[in-house]
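See below for the structure under consideration.
The values are calculated or read from the model by the stated rules, or taken from the named source; none is laboratory data. Since we're looking at a predicted model, the values are computed, not measured. Counting neighbours? That spans all protein chains shown, and the Cβs are built from the backbone with ideal geometry, glycine included.
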Amino acid sequence: MRKTTKRLYLIPVLSKALDILELLQLENQQISLEAIYRKTKISKTTVYRILKTFVHRGYVSQSQDGLYRHVSRPRKVRFGFGSQSTEMPFSNAVTASLKLAAAASGVDLVILDNSYHGPTAIKNAEQFVEKGVDLIIEFQVEQSVAPIIADKIAAANIPLIAVDIPHPHATYFGVDNYRAGVEAGEALAAHAAHKWSGRADWVLGLDLAEAGQLVQSRITGVFEGVRESIPELPVECFVRIDGRGMREHSRKLVAGFLQRHSKDKHILIGAATDTSALGALDAVRELKRERHVAIVGQDCIPEAEDEIRKPSSPFIGSVSHEANSYGERLIHLGLSLLRGQTAAPYNYVSHRLVTRENLPPE
């Protein structure tokens, strides 16, 4: 009769890591990498990498003289994240970045979708409080509900980080809205100088009024960036329209504006978001006004990049808020707040103007 052996589905490197951790627990004192290598007979390179991983995740401490020791492992830290909306590409990019950073840092992340809706954001904040999370990262668009959300979170004594929209009691994290707007305005003015001999009939700002004054300063910056280059433009040429950061709403508003000004051929549009900017682009194309309009957005989402690459597109640029960098910085900021470290009230992300000239080829 043929003898059968039970197959063991083991992961060799995990077994080695557990051997090292059990040794550190048994020793219960500081020990050198060399000693761990001698006692376990595991490759020194593998020992080094496993130890560095344990230190990064908080299972092992390393002294200044390079000795290692097992440390008591507290429960995992839990962050609550209220995402802006799963229907918004920039919001999804921020969420993806945060998930990766949380996993790398050993932070449990509870995610709820604010759905671009103030009442939903309030309910989500209440859920975070009920779940007893250690810190909340709030990314919601309505300035009017920010005090309600912040008050509920402050009453529970939970630290709060507000992304892009300031909240009372919160540490702000996001773009320097005014400076990002100025750079968008300068790009629009440069286009007018190059293509239209410095002429502009209208400067249209697609605003996001419900987000409050800080986000509205993106359009303030756009107007100032244009004025610096075309100072002779009269104030009545600058028009704010509340696009609400939404594509279809912005399309309708821009279509109406273009129809009312059918004879004007030099129209600059700065949008508070790329989603609004793409709505403006839809209107421009429907009315076949591509040669009469130049558009610059904010966020640099993939669809905006695709448009910027097209030589004939009136979508000439976008200010990237570097969404991929949000996650690591938010996790670091959150952990610092939980350790009681002092944080700046405003924590700005890097931003950069993306145009046809500096976009890498596909």
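Would you confirm whether any residue within the range 196-213 is outside any helix (DSSP H, G or I), among the β-branched types (Val, Ile, Thr), crowded, with 18+ Cβ neighbours inside 10 Å and not assigned by TED's automatic domain parsing to the domain that holds THR342? Steps first, answer last, please.
Keep residues of the range 196-213 that are outside any helix (DSSP H, G or I), which gives 196-208, 212.
Next, only the ones that are among the β-branched types (Val, Ile, Thr) stay: 203.
Keeping just the survivors that are crowded, with 18+ Cβ neighbours inside 10 Å gives 203.
Restricting the remaining residues to those that are not assigned by TED's automatic domain parsing to the domain that holds THR342 gives 203.
Yes, that holds for at least one residue.
Here's the yes/no breakdown for (1) of a type in the set (Val, Ile, Thr); (2) outside any helix (DSSP H, G or I); (3) buried (at least 17 other Cβ atoms within 10 Å of the Cβ); (4) on the phi > 0 side of the Ramachandran plot:
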| residue | (1), (2), (3), (4) |
| --- | --- |
| VAL13 | yes, no, no, no |
| GLU22 | no, no, no, no |
| GLN29 | no, yes, no, no |
| GLU34 | no, no, no, no |
| TYR37 | no, no, yes, no |
| VAL47 | yes, no, yes, no |
| PHE54 | no, no, yes, no |
| PHE79 | no, yes, yes, no |
| ALA93 | no, no, yes, no |
**Prompt:** Just checking, which of GLY334, GLY297 is within 30 Å of PRO168 (Cα to Cα), surrounded by 21 or more Cβ atoms within 10 Å (Cβ to Cβ), outside the structural domain of VAL226 (by TED's automatic domain parsing) and touching a residue at least 24 places away in the same chain (Cβ under 8 Å)?
**Reply:** GLY334
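Given the structure, is GLU186 acidic (Asp, Glu) and farther than 30 Å from LYS263 by Cβ? Steps first, answer last, please.
Numbers: acidic (Asp, Glu): yes; farther than 30 Å from LYS263 by Cβ: no.
Spelling it out, it is not the case that GLU186 is acidic (Asp, Glu) and farther than 30 Å from LYS263 by Cβ.
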**Request:** Show the residue pairs that are 6+ apart or on different chains and have beta-carbon atoms under 9 Å apart, the first residue being within the range 219-248 and outside any loop (DSSP other than H, G, I, E, B), the second being of a type in the set (Ser, Thr, Tyr).
**Result:** THR220/TYR178; GLY221/TYR178; GLU224/TYR178; ILE241/SER250; ARG247/THR275; ARG247/SER276
**Prompt:** When you go through VAL145, VAL129 one by one, which is the residue that is surrounded by fewer than 23 Cβ atoms within 10 Å (Cβ to Cβ), farther than 27 Å from ASP207 by Cα and at pLDDT 95 or above?
**Reply:** VAL129
**Prompt:** Any residue at all in the range 351-358 that is closer than 13 Å to ALA93 by Cβ and either surrounded by fewer than 20 Cβ atoms within 10 Å (Cβ to Cβ) or not hydrophobic (A, V, I, L, M, F, W, C) (or both)?
**Reply:** no
